[in-house]
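First the structure, in the form of structure tokens, and then the observations on it.
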Amino acid sequence: MVSSWIDVAGTKITSLPRSLYGVQIRWRGVPVDARIAFLSETITSHEVLAETNAEKRRVMLERMGYEKFLADAQGETLDEDRDAGGPRRLVKVPMAGDEALVCVSVICPSTGRQYVLRVPPDTATCHQAAAWVAGFDNADDYRPLIET
């Protein structure tokens, strides 16, 4: 019997049985509704941008996926370049009452998979974003010889 709440993040739970209707659902400790927890494909960028609670907004972004969010929100492209994986793009989406969401879209040169990675909001270039992701405070120090 569940008497308080259930955290479903990291589980394979896709819905709650009727006997648990009314139990508070959490995602990594943040209270969310069943739609956010189990129907993430229905979350829109408009909803994310309108959410005033920063923690709930973070969960909604995680559930929606940064790539889908950036495409749906029509973020501003700050920079574009290429690296060993192919084209990179730095995108910014203003967030009301919070710092802007800035992400770099990259392609892994070894797998061909695309990743959208959140970077600090003052990041100005794709190279600076890649350097920060690699752990460099100074982008000028980031000069990879081989990227895999």
Picking from 107, 13, 25, which is most flexible by a Gaussian network model of the chain using Cα springs under 10 Å? 13
Just to be sure I understand: with springs between alpha-carbon atoms less than 10 Å apart, which residue in 52, 123, 111 has the highest mean-square fluctuation in the Gaussian network model of the chain? 111
Normalized C-alpha radius of gyration of the chain, against 2.2 N^0.38 Å? 1.23
Among 10, 54, 44, whose Cα sits farthest toward the positive end of the charge dipole of the chain (+1 at Cβ of Lys/Arg, -1 at Cβ of Asp/Glu, about the Cα centre)? 10
What distance in nm lies between label points placed 7 Å from Cα along the C-beta direction at residue 124 and residue 4? 4.8
Give the relative contact order (percent, whole number) for the chain; include only Cα pairs under 8 Å separated by 6+ residues. 13
Per-residue accessible area for residue 63 at 1.4 Å probe radius, Å² rounded to 10? 50
Report Rg/Rh for segment 74-148, rounded to two decimals, where Rg is the Cα radius of gyration and Rh the Kirkwood radius. 0.97
Run the dipole for segment 1-95 about the Cα centre, Lys and Arg Cβ at +1, Asp and Glu Cβ at -1, nothing else charged, and hand back the magnitude in debye, nearest 20. 420
Checking 106, 32, 119 against a Gaussian network model of the chain (alpha-carbon springs below 10 Å), the top fluctuating residue turns out to be 32
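The values are calculated or read from the model by the stated rules, or taken from the named source; none is laboratory data. The structure presented is a predicted model; accordingly, all values stated were derived computationally and were not measured. Here Cβ is always computed from backbone atoms with ideal geometry, including for glycine, and neighbour counts include all displayed protein chains. Surface areas here come from the heavy atoms of the whole protein model, side chains and all, with no ligands, DNA or RNA. Shrake-Rupley method; radii C 1.70, N 1.55, O 1.52, S 1.80 Å.
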